[in-house]
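The values are calculated or read from the model by the stated rules, or taken from the named source; none is laboratory data. Small disclaimer: the values here were computed from a predicted structure and weren't measured. Cβ coordinates were reconstructed from backbone atoms using ideal geometry, including for glycine residues, and neighbour counts include every protein chain displayed.
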Amino acid sequence: MAHLAAPLTVVTTRDATGRRWGFTASAVTSVSMDPPLVLVGLGNDSSCREALSSSPEFVVNVLGEHHTEVAGRFARRGVDRFAEGGFTTWPESGLPYLTDATAVFRCTAVDRIPMGDHQLLIGELTGLRTHGEAKPLLWYRRGFRAAGPTPAGGAR
């Protein structure tokens, strides 16, 4: 699967006590246009699993090439992922989102499907924010990559 390039996102939510949660996700895709549905793959061992399993809403922050540090921070365990800033809250819900994300999808959870070692979280798009035209940040061959032309000499 390391050869399957995937766009990187940071998925965020708040739990019932108001605590912010988030993780870096590469398993995010569109499921339906009508209604607009998004799928997020959430590992069963994720520190965010309990919060995302019970929260009625979540946010998918689409990362640009300038978000390598953010992607790395939200992929690490045992750190305050929100400590470095860059996040604000959606006014109606208090959901945290990355202010300079290429796109931000606010979603209402409509289904959670256990699948292997993951849970598939399905959300209906209820809000959208966009910012800039940055190249997407990708996860490819176990590393962060910016989308762009293949280097001279072809694929590796």
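Tabulated results
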| read-out | value |
| --- | --- |
| For Gly18: the one exception among (1) on the phi > 0 side of the Ramachandran plot; (2) not in a loop (DSSP other than H, G, I, E, B) | (2) |
| Flag for Arg129 being part of a strand (DSSP E or B) and more than 21 Å from Asn44 (Cβ to Cβ) | yes |
| Check on Thr29, under 11 Å from the mean Cα position of the chain (by Cα), part of a strand (DSSP E or B) and either at pLDDT below 95 or under 16 Å from Gly127 (Cα atoms) (or both) | yes |
| Residues that are buried (at least 19 other Cβ atoms within 10 Å of the Cβ) and either within 16 Å of Asp111 (Cα to Cα) or over 13 Å from the mean Cα position of the chain (by Cα) (or both), drawn from segment 12-26 | Thr13, Arg14 |
| Residue in segment 58-65 that is surrounded by fewer than 21 Cβ atoms within 10 Å (Cβ to Cβ), over 17 Å from Leu138 (Cβ atoms) and hydrophobic (A, V, I, L, M, F, W, C) present | no |
| Of residues in segment 116-142 being of a type outside the set (Lys, Arg) and free of Cβ contacts under 8 Å to residues at least 60 places away in the same chain, the one surrounded by the most Cβ atoms within 10 Å (Cβ to Cβ) | Gly127 |
| Residue within segment 63-74 that is closer than 22 Å to Gly43 by Cβ, touching a Leu at 6+ places or on another chain (Cβ under 6 Å) and in a loop (DSSP other than H, G, I, E, B) present | yes |
| Among (1) within 18 Å of Leu120 (Cβ to Cβ); (2) more than 11 Å from the chain's Cα centre (by Cα) - the single one Glu84 does not satisfy | (1) |
| Qualifying position, being touching a Phe, Trp or Tyr at 6+ places or on another chain (Cβ under 6 Å) and at pLDDT 95 or above, among Val40, Val10 | Val10 |
| Test set (1) in a strand (DSSP E or B); (2) out of contact with any Ser or Thr (no Cβ under 7 Å at 6 or more places or on another chain); (3) at pLDDT 85 or above - Arg106 fails condition number | (2) |
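Each row is one residue, and each column tells you yes or no for (1) more than 23 Å from Glu133 (Cβ to Cβ); (2) out of contact with any Cys (no Cβ under 8 Å at 6 or more places or on another chain); (3) not polar (S, T, N, Q).
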site	(1), (2), (3)
Leu8	no, yes, yes
Asp15	yes, yes, yes
Asp34	yes, yes, yes
Ser53	yes, yes, no
Phe58	yes, no, yes
Glu69	no, yes, yes
Leu95	yes, yes, yes
